[in-house]
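The values are calculated or read from the model by the stated rules, or taken from the named source; none is laboratory data. The model shown is predicted, which means the values in this text are computed figures rather than measured ones. Ideal geometry is used to build each Cβ from the backbone, glycine not excepted, and the neighbour counts take in all protein chains shown. What goes into the accessible areas is simple: the full protein's heavy atoms, side chains included, and nothing from ligands, DNA or RNA. Shrake-Rupley method; radii C 1.70, N 1.55, O 1.52, S 1.80 Å.
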Amino acid sequence: MSNATPSRPVLDLWCELQCPDCRATLEDLRALRERYGEALELRLRHFPLEKHKHAYAAAQAAEEAAAQGRGWPYVEAVLGRTEELAARGEPLLVEVAGELGLDTEEMDTALIDGRHMLIVDADQAEGKAIGVTGTPTYVIGDERLDGGKSQEGLRQRIEEIADRLLGR
């Protein structure tokens, strides 16, 4: 027997954690979380770009952080340090885990054994299938909004769609 809750709108954020444009989404994500709380489901979707050599490892690290119960705090912490990630790579990913009180040995092991690769690969394949070409890209309702071209007015557009989907 399912005790399904009424469906709530989902905002998928196709993102990669070494992308400076994605770092600019932090303020928008915080504002959306504050405005909608649990009424809007925010989902991180991975779209590591080849030009950023640590993006794939960072996506796996984000999944490990989520498995340890601190997904969004980890994502926000790493996004705030994109330049440092570019310079330091995986040691930074483990360091951030430690700063957030995560199990750093487990984080390190997850990066070595690749336990989260399938999730990252599946996200990337789905993103390509729906036309994601860069990051950040938002999908809400049936609309895709490309934040890689411009962040201008993006949060307002997301709020308009979310309000419509929520009947506000």
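When the surface is traced with a 1.4 Å probe over the full set of protein chains, I112 keeps roughly 130 Å² accessible. Taking the longest Cα principal axis of the chain as reference, the axis of helix 104-113 is set at about 90 degrees.
The residues neighbouring L100, those whose beta-carbon lies less than 14 Å from its own, together hold a net charge of -4 under the Lys/Arg +1, Asp/Glu -1 convention. Taking only protein heavy atoms and a 1.4 Å probe, the accessible area of the chain is 48% carbon and sulfur. DSSP bridge analysis restricted to the chain gives an antiparallel fraction near 55%, rounded to the nearest 5.
Over all pairs of distinct alpha carbons, what does the Kirkwood formula give as the hydrodynamic radius of the chain, in Å? Don't skip to the answer; put the middle values down first.
Values: mean 1/r = 0.0610 Å⁻¹.
Taking every pair of different Cα atoms in the chain, averaging 1/r and inverting gives 16.4 Å.
Net charge of the neighbourhood of D163, taken over other residues with C-beta under 14 Å away and scored Lys/Arg +1, Asp/Glu -1, is +3.
Which net charge results when you count Lys and Arg as +1 and Asp and Glu as -1 among the other residues whose beta-carbon is under 12 Å from that of L44?
On the way: positive: R43, R45; negative: D12, E16, E41, E63, E76, D123.
Taking every other residue near L44 into account, the sum is -4.
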